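Below is one structure, written out as structure tokens, with a few remarks after it.
The values are calculated or read from the model by the stated rules, or taken from the named source; none is laboratory data. The structure presented is a predicted model; accordingly, all values stated were derived computationally and were not measured. Here the Cβ positions follow ideal geometry from the backbone for every residue, glycine too, while neighbour counts run over all protein chains shown.
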Amino acid sequence: MKDETHPWLAALKVYAHPRVLGMLFLGFSAGLPLLLVLGTLSFWLREAGIDRATIGFFSWVGLAYGFKWAWSPLVDRLPLPLLTRRLGRRRAWLLVSQVTIALALLGMAHTDPTQDLARLAWFALAVAFASATQDIALDAYRIEAVELRLQGAMAATYQAGYRLAMITAGAGALWIAAAFDPSAASYEQAPWRVAYTVMALLMGVGILTTLIIREPQVDAQRAGLLRETLAREQRARAWLAGRGLGGVWLRLAAWLHGAVLSPFLDFLRRYRWQAVLILALIAVYRISDVVMGVMANPFYVDLGYSKDEVAAVAKVYGVIMTIAGAALGGLLTVRLGVMKTLFLGAALSAATNLLFVWLAGRGHDLSALVFVISADNLSAGIASAAFVAYLSGLTNVAYSATQYALFSSVMLLLPKFLAGFSGLVVDAYGYAVFFTTTAALGLPVLLLVWLAARVRRLG
């Protein structure tokens, strides 16, 4: 009997695939920790009376995401005692990182920044480090779990879960803290203890999913890549042995060649001198957004916006506008091409920072906040969609996990470092100068995008 199912309805069935559906919950687990050590934490610190310079320095915990390339080969290759044998490589690393995040969030919940700021910083760093490790393992799982035709659905459900988690960790945490706050006029630790405890418990979503899903099976393509890697390691081992290296040092050197050096050498071999231009573009593309973002929540507090107002406008409505911007960015990438959309996203991201200068002059104006958040998040969504498409085109499928970790780390390293000084700039010159400066930081990005596009056409 002929199947009468409409093609579009048949296509939607892909989202009922167990691994695709599981990616929704794993995406939630990946997105939950980020704001809890960045935006939401900066709001908490400012309400607690912590000075802006210190809040800026606190953002350096986010550098853990910028250095994850350094230990991504360990996550890819190193077995964990007992767990790897029982769960498999990917699930073992996922479980350890998720449990660590939950425990560190509980530590943050029970630490008062007015009493022990250093302890809070260490717990926040533990959350960031474990979260970056979860990202590495999750990227590897996503690539290996399903065949190529399902990768788009996996990415879609991952993004949906991730954005839902950002709303939860942003607006949700603020709403919980506001609900348990006995007085908006003075700082209390108890509301934040409740909020962060709830967030720690929500990591159970990812932990339970990791225990339920199955470890990816090695398909023919992956098996071929593993054979190629083994062959390279054997050639490296023979070369090193011929130079007198032996024992554990020989095994270590051969492992480092196959797991660490090969992915980076492959990128350099393919792009040669253009690799410098590409890495420079990756390093600064999101600099306007990242540097500005650290002071956004302290800015809202200083203008007199309440937790409920910030939660509703910036953390819910803003995330919805980011999703809309990403959808628009995907459409523009198809219609205009990656490089033109990349240029447009960079220009809009820098220009919309100037709207915060205008907002600073208006003071507490909820309608103005809605307008500024709309424009800023819409442009960020466009830029993100184009940037992901650009990075995907650079990645070699043979080393996708390690190379993607490298690209995403380079993307955050310089912006996160500069963001640490944001509080000092605001204290010295005010918000208007700070936001104008972050907009100016986007000008070199436009030049790099233009050069990269020109090189691509000539190539």
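Scanning segment 104-137 for residues that are farther than 19 Å from Trp93 by Cβ and charged (D, E, K, R) yields Asp112, Asp116, Arg119. The helices (runs of 4 or more DSSP H) located wholly in segment 287-384 that include 3 or more residues which are small (Gly, Ala, Ser) occupy 318-336, 338-362.
Here is the figure for segment 43-65: residues that are buried (at least 22 other Cβ atoms within 10 Å of the Cβ) and either without any contact (Cβ under 8 Å) to a residue 12 or more places away in the chain or among the small types (Gly, Ala, Ser) (or both) total 4. Mind listing whichever residues of segment 183-206 are within 14 Å of His110 (Cα to Cα), out of contact with any helix residue (DSSP H, G or I) (no Cβ under 8 Å at 6 or more places or on another chain) and polar (S, T, N, Q)? Gln189 - this is the single residue of segment 183-206 that is within 14 Å of His110 (Cα to Cα), out of contact with any helix residue (DSSP H, G or I) (no Cβ under 8 Å at 6 or more places or on another chain) and polar (S, T, N, Q). Here Arg85 fulfils each of the conditions (1) under 18 Å from Ala130 (Cα atoms); (2) part of a helix (DSSP H, G or I) apart from (1). From the list Trp69, Trp44, which residue is at pLDDT 90 or above and either outside the structural domain of Met166 (by TED's automatic domain parsing) or out of contact with any strand residue (DSSP E or B) (no Cβ under 7 Å at 6 or more places or on another chain) (or both)? Just a single option satisfies the conditions, and that option is Trp44. Evaluate segment 350-373: report whether one residue or more is within 26 Å of Ala132 (Cβ to Cβ) and either at pLDDT 90 or above or among the acidic types (Asp, Glu) (or both). For segment 350-373, residues within 26 Å of Ala132 (Cβ to Cβ) and either at pLDDT 90 or above or among the acidic types (Asp, Glu) (or both): absent. Considering only residues in segment 181-196 that are buried (at least 17 other Cβ atoms within 10 Å of the Cβ) and not hydrophobic (A, V, I, L, M, F, W, C), the one that is nearest to the chain's Cα centre (by Cα) turns out to be Tyr196. In the condition set (1) out of contact with any helix residue (DSSP H, G or I) (no Cβ under 9 Å at 6 or more places or on another chain); (2) not assigned by TED's automatic domain parsing to the domain that holds Thr438, Asp266 is compliant with all but (1).
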